[in-house]
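> Mind looking over this structure? Questions follow.
Each value in this text was obtained by applying a stated rule to the coordinates, not by laboratory testing. Computed from a prediction, not measured in an experiment: that's the story for all the values here. Glycine gets a Cβ as well: all are built from the backbone with ideal geometry, and neighbour counts include every protein chain shown.
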Amino acid sequence: MARSSQAGQAGDSAQRILDIAERLVQTRGFNGFSYADIAEAMSMTKASLHYHFPSKADLGRRLIERYEQTFLEVLKGIDATGAAPREKLKRYTRIYADVLRDNRMCLCGMLASDYATLPKAMKEDVRHFFDVNEQWLAGVLEHGRKGGSLEFKGSPLEVARVIVGSLEGAMMLARSYGEAARFDTAAERLIASL
């Protein structure tokens with residue numbers, strides 16, 4: 001019994017570390033925090049953090065994996081609604097809007113801004129996150145084009161890339177101005193243009 005309790009506590013500690021690290025990345029960037037910041041927030045030693053995540057790169061990879069899994073679950077939820085393609089796109093933009101309203105940025109968007117200094121494996125993970133998003137969007141766009149509810153020039157994948165890039169950029173500018181409404185306007189106009 002003691003072992004399973006210890007394993008549960010270790011799992012809880014790892015999740016709390018990830019929660020704190022995620023918020024730090026989303027507000028400061030990957031290079032804007034250290035293990036000391038997490039250790040202080042958790043009232044634990046840096047050595048205890050290294051037990052769970054031996055290196056900052058290990059922590060970063062796990063953050064991306066968890067963030068992508070959560071994002072994919074949200075996308076599955078959007079698909080499960082059976083909503084029309086335009087409504088799916090609106091719901092997709094709301095994912096970003098909700099993160100921004102929580103005074104955060106997209107985790108992988110923040111990591112992309114630190115891209116040049118990320119370890120190789122994290123770079124691949126960041127690209128994978130965006131690839132998955134673009135593929136989902138391309139599917140929604142293709143469905144909308146075939147059904148006649150969406151109109152656009154170019155391939156669905158090209159338009160999906162424009163959407164992701166536009167939303168990430170709109171988040172950064174809205175954050176810079178402290179005006180979430182700037183993001184909302186950009187997202188609404190982007191979807192309306194399709």
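> Scanning for something over 22 Å from GLN69 (Cα atoms), touching a residue at least 40 places away in the same chain (Cβ under 8 Å) and of a type in the set (D, E, K, R), does the range 133-156 turn up at least one residue?
Yes, the range 133-156 contains a residue that is over 22 Å from GLN69 (Cα atoms), touching a residue at least 40 places away in the same chain (Cβ under 8 Å) and of a type in the set (D, E, K, R).
> For the range 24-132, which fully contained helices (runs of 4 or more DSSP H) count at least 1 residues that are of a type in the set (Ser, Thr, Tyr) and surrounded by fewer than 19 Cβ atoms within 10 Å (Cβ to Cβ)?
46-52, 56-80, 107-113
> Looking at the range 35-57 only, could you name the residues that are of a type in the set (A, V, I, L, M) and in contact (Cβ under 8 Å) with a residue 40 or more places away in the chain?
ALA57 - this is the single residue of the range 35-57 that is of a type in the set (A, V, I, L, M) and in contact (Cβ under 8 Å) with a residue 40 or more places away in the chain.
> Six or more apart or on different chains, Cβ atoms under 9 Å: show the pairs whose first residue is in the range 14-29 and closer than 12 Å to LEU111 by Cα and whose second is among the small types (Gly, Ala, Ser) and surrounded by 19 or more Cβ atoms within 10 Å (Cβ to Cβ).
VAL25/GLY60; GLN26/GLY109
> What's the total number of residues in the range 143-171 that are under 17 Å from PRO85 (Cα atoms) and in a loop (DSSP other than H, G, I, E, B)?
So the count comes out to 7.
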